[in-house]
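Worksheet: one structure, shown below.
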Amino acid sequence: MSKAVKPFPRTLLEAVRYFADLDVARGFLAHLKWPDGITCPSCASQDISDMPTRKMYRCKLCKRQFSVKVGTIFEDSPIGLDKWLPAVWALSSAKNGVSSHELARSIGVTQKTGWFMLQRIRLAMKTKGFQAPLYGTVEVDETFIGGKVKNMSLRKRKAKPAQAYWDKTAVMGVLQRGGEVRAFTIPEPKAPYMQAGVRDNVAEGSQVYTDGHHAYRPLEFAYEHRFVDHLLNQYVNGQVHTNGIENFWCLLKRAIKGTYIKPEPQHISRYVDEQVFRFNSRGLLDADRFAVVLAKVA
């Protein structure tokens, strides 16, 4: 009688139990990576022998030994897939993110190892390759990530008192209503970077709604540009508003302030990529979102 096939997990608890068996985890990732059969990464041969005691494969043609981790974010990591895969599930499904301390306590690794794992998973979450431009009605806005000026030391506040955002990272966001969001860091909130962010992500002729920042004014030559002036307490003018992208900023800052607390400026783009992925896959179930991330680990 054949062994019953385990049903695919639908919750984090089920995922931990499912992938606790290293053979199951290894077979799962192998099927995902090589749906047409295991292939040697060196010579592309499919004449492969299994080495179950070492959790490795061996190519009969070029004699190379390799694991299912080769060519993925898990490569060169001594951490087992029984910990990697639940970590991917946890980060992809947690609305406000997962801190390295929390992950370390949950799967039994050190904080540094947890941080390393999360950074690699965020790399898989990042959207890669060519993206078709957004179209239709698009909201554009920018925000700043960093500590509040009122919480800074007096020395820092006196250093550049005229610039409230001098010690923060500028992040720009573009949201297609009813569609996806794109967000990325920019060197500074000035016209060349802000206009380039729109032109690189939005199809010409689209309706672009922004706030009253003067850097967006030249967009009217290529787009149907309209804006609301927040300085005049104008936030909605019919269909013209930026409430959708403001909602995304709220989710991003909730994760940073509540979970990650004080990310270093050079890593902020990765936290932005993480939140962009979750926002764009918000209509999926946790199991489906997990599968999408695993499909991008190579």
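Taking the conditions exactly as written (among the aromatic types (F, W, Y), within 22 Å of K296 (Cβ to Cβ) and not in a loop (DSSP other than H, G, I, E, B)), does F28 satisfy them or not? Considered against the rule, which asks whether it is among the aromatic types (F, W, Y), within 22 Å of K296 (Cβ to Cβ) and not in a loop (DSSP other than H, G, I, E, B), F28 comes out as yes.
Scanning the stretch 136-178 for residues that are open to solvent by less than 60 Å² (accessible area, probe 1.4 Å), assigned to a loop (DSSP other than H, G, I, E, B), modelled with pLDDT under 85 and not hydroxyl-bearing (S, T, Y) yields G146, G147, M152, A164.
A quick yes/no check of all residues on (1) at pLDDT below 95; (2) under 19 Å from L12 (Cβ atoms):
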{"position": "P41", "(1), (2)": "yes, no"}
{"position": "D50", "(1), (2)": "yes, no"}
{"position": "M56", "(1), (2)": "yes, no"}
{"position": "G71", "(1), (2)": "yes, no"}
{"position": "K95", "(1), (2)": "yes, yes"}
{"position": "V98", "(1), (2)": "no, yes"}
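Of all the criteria given as (1) within 17 Å of E14 (Cβ to Cβ); (2) free of Cβ contacts under 8 Å to residues at least 40 places away in the same chain; (3) open to solvent by 10 Å² or more (accessible area, probe 1.4 Å), the one not satisfied by P78 is (1). Hey, V70 hits all of (1) surrounded by fewer than 16 Cβ atoms within 10 Å (Cβ to Cβ); (2) assigned to a loop (DSSP other than H, G, I, E, B) but one; which does it fall short on? With respect to (1) surrounded by fewer than 16 Cβ atoms within 10 Å (Cβ to Cβ); (2) assigned to a loop (DSSP other than H, G, I, E, B), V70 is out only on (1). Once the stretch 219-248 is narrowed to residues that are touching a Leu at 6+ places or on another chain (Cβ under 9 Å) and not in a loop (DSSP other than H, G, I, E, B), the residue that is surrounded by the most Cβ atoms within 10 Å (Cβ to Cβ) is I245. Are there any pairs, at least 6 apart or on different chains, whose C-beta atoms fall under 8 Å, with the first in the stretch 271-298 and within 18 Å of G178 (Cβ to Cβ) and the second acidic (D, E) and modelled with pLDDT of 95 or more, and if so, which? Pairs found: F279/E180; N280/E180. Restricting L85, L118, L103 to those that are among the aliphatic types (A, V, I, L, M) and under 17 Å from Y18 (Cα atoms) reduces the list to L85. Candidates are the residues of the stretch 191-202 that are open to solvent by 30 Å² or more (accessible area, probe 1.4 Å) and under 25 Å from the mean Cα position of the chain (by Cα); the one that is farthest from Y135 (Cα to Cα) is Y193.
With Y209, Y216 as the choices, which residue is of a type in the set (S, T, Y), part of a helix (DSSP H, G or I) and buried (at least 17 other Cβ atoms within 10 Å of the Cβ)?
Values: Y209 fails: part of a helix (DSSP H, G or I).
It is Y216.
If you go through the stretch 111-122 one residue at a time, do you hit one that is among the small types (G, A, S), modelled with pLDDT of 95 or more and under 20 Å from the mean Cα position of the chain (by Cα)? Walk me through it before giving the result.
So in the stretch 111-122, the residues among the small types (G, A, S) come out as 114.
This time we only want the ones that are modelled with pLDDT of 95 or more, so: 114.
Next, only the ones that are under 20 Å from the mean Cα position of the chain (by Cα) stay: 114.
Yes, the stretch 111-122 has at least one match.
Contact annotation: residue pairs with Cβ atoms under 9 Å, 6 or more positions apart or on different chains, pairing a residue in the stretch 252-269 that is more than 18 Å from A170 (Cβ to Cβ) with a partner that is among the β-branched types (V, I, T) and at pLDDT 95 or above, are T259/V98.
Could you tell me whether T259 is over 30 Å from I121 (Cα atoms) and within 25 Å of the chain's Cα centre (by Cα)?
No.
The values are calculated or read from the model by the stated rules, or taken from the named source; none is laboratory data. Just so you know, these numbers come straight off a predicted model, no measurement behind them. Virtual Cβ from ideal backbone geometry, glycine too; neighbours counted across all protein chains shown. The accessibility values were calculated without ligands, DNA or RNA, using every heavy atom of the protein model including side chains. Shrake-Rupley method; radii C 1.70, N 1.55, O 1.52, S 1.80 Å.
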